[in-house]
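The values are calculated or read from the model by the stated rules, or taken from the named source; none is laboratory data. As the structure is a computational prediction, the values presented were derived from the model and not from experiment. Note that each Cβ is placed from the backbone with ideal geometry, even for glycine, and that neighbours are counted across all protein chains shown. Calculation scope for accessible area: heavy atoms of the full protein, side chains included, ligands and nucleic acids excluded. Shrake-Rupley method; radii C 1.70, N 1.55, O 1.52, S 1.80 Å.
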Amino acid sequence: MPEGHSVHRLARQFQDVFGGRRLDVSSPQGRFAAGAQVLTGHTMVEAMAHGKQLFLRFDHELFLHVHLGLYGAWNFGGDSTFTGASSIGAPRRIGEKESGPAADDTGYVGPPPPVGAVRVRLVSDHGWADLRGATTCAAITSAEAQAVLDRLGPDPLHNRGGDRDEFIRRLRRRKTAVALLLMDQSVLAGVGNIYRAEVLFRQAMDPWTPGSSIGVESAGQLWDDTVDAMSDGVRDGRIVTTPPTVWTGGAAMAPDADAHFVYKRDGMPCRACGTIVGMTEIGARKLYWCPGCQV
Ligand SMILES: [Zn+2]
């Protein structure tokens with residue numbers, strides 16, 4: 001599932017390529033036909049992300065709300081003024097990387113015929129975007145969008161005034177293990193399995209620590225490090241939580257095998273202490289941690 005940094009990058013891309021543009025909205029697959037009908041012909045005013053939720057606001061104050069879930073993905077294409085990554089989402093298919101721009105300099109004549117189950121297609125004068133496989137795709141009112149936002153905790157990628165304190169409050173009021181709380185979108189919006197494992201490692205925090213027994217200072221450091229790690233992800237378009245000193249062969253970019261401290265490194269020695277990295281299931285998701293460092 002794309003973590004919050006991917007969804008924020010998507011919001012930026014939508015703002016860049018569709019902001020202020022009148023869009024034709026359709027549902028080639030048919031499942032979003034009614035929603036497409038109320039949005040089509042309107043101008044997309046603003047693209048926003050909060051955690052893993054994407055909202056496209058149109059000029060009649062209706063929103064397209066999308067949550068990619070495990071299998072959702074957007075594909076983009078268009079003329080040379082229509083730039084950005086051509087495919088974002090569905091990390092099981094494309095990894096944490098995004099593919100390069102799919103600009104067509106040979107003369108853009110419109111989108112290609114839809115392939116497969118395209119839930120929604122957005123088309124401007126310069127390009128198109130296709131959504132497939134999303135968990136949520138809905139046309140909603142501003143009150144409904146606000147209701148979605150009200151259920152979510154603070155987003156480290158907004159880091160607005162008060163967000164840090166709000167995270168600390170939400171984390172410390174529960175006795176649940178911190179590893180579960182970090183993935184609870186009502187505590188913190190946007191963190192997925194990779195950032196959860198990596199930030200807990202970087203903070204040398206035992207994943208089973210109850211939220212209520214984490215001090216205010218440690219909780220604040222957890223927030224700050226999550227902000228740092230996810231901001232790097234927005235900049236890089238991939239999740240790299242290790243410093244260059246860890247990267248083999250003096251690489252300028254982290255090789256995939258060196259990008260993480262513990263995520264998917266179970267059975268290998270910890271980069272810091274040499275203890276074998278552990279893996280277990282918690283909340284039906286795999287948790288990776290170092291039993292030597294995180295005690
Ligand atoms: Zn260790």
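Structure notes:
Residue-by-condition table, conditions (1) part of a loop (DSSP other than H, G, I, E, B); (2) without any contact (Cβ under 8 Å) to a residue 60 or more places away in the chain; (3) within 12 Å of the ligand (Cβ to nearest atom):
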site: 205; (1), (2), (3): yes, no, no
site: 217; (1), (2), (3): no, yes, no
site: 220; (1), (2), (3): no, yes, no
site: 224; (1), (2), (3): no, no, no
site: 229; (1), (2), (3): no, yes, no
site: 260; (1), (2), (3): yes, no, no
site: 292; (1), (2), (3): yes, yes, yes
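- Leading residue by the ranking (nearest to the ligand (Cβ to nearest atom)) among those in the range 279-290 that are touching a helix residue (DSSP H, G or I) at 6+ places or on another chain (Cβ under 8 Å) and assigned to a loop (DSSP other than H, G, I, E, B): 290
- Taking the numbered list (1) open to solvent by less than 40 Å² (accessible area, probe 1.4 Å); (2) at negative phi in turn, residue 218 passes all entries but (1).
- Within the range 3-44, considering residues that are outside any strand (DSSP E or B) and basic (Lys, Arg), the one modelled with the highest pLDDT: 31
- You will find that of 255, 243, the residue that is more than 19 Å from residue 193 (Cα to Cα), open to solvent by less than 80 Å² (accessible area, probe 1.4 Å), assigned by TED's automatic domain parsing to the domain that holds residue 207 and away from the ligand (no atom under 16 Å from the Cβ) is 255 and no other.
Residue by residue, here is whether (1) assigned by TED's automatic domain parsing to the domain that holds residue 122; (2) open to solvent by less than 10 Å² (accessible area, probe 1.4 Å); (3) under 18 Å from residue 237 (Cα atoms) holds:
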{"residue": "15", "(1), (2), (3)": "yes, no, yes"}
{"residue": "21", "(1), (2), (3)": "yes, no, no"}
{"residue": "24", "(1), (2), (3)": "yes, no, no"}
{"residue": "27", "(1), (2), (3)": "yes, no, no"}
{"residue": "43", "(1), (2), (3)": "yes, no, no"}
{"residue": "50", "(1), (2), (3)": "yes, no, yes"}
{"residue": "53", "(1), (2), (3)": "yes, no, yes"}
{"residue": "58", "(1), (2), (3)": "yes, yes, no"}
{"residue": "63", "(1), (2), (3)": "yes, no, no"}
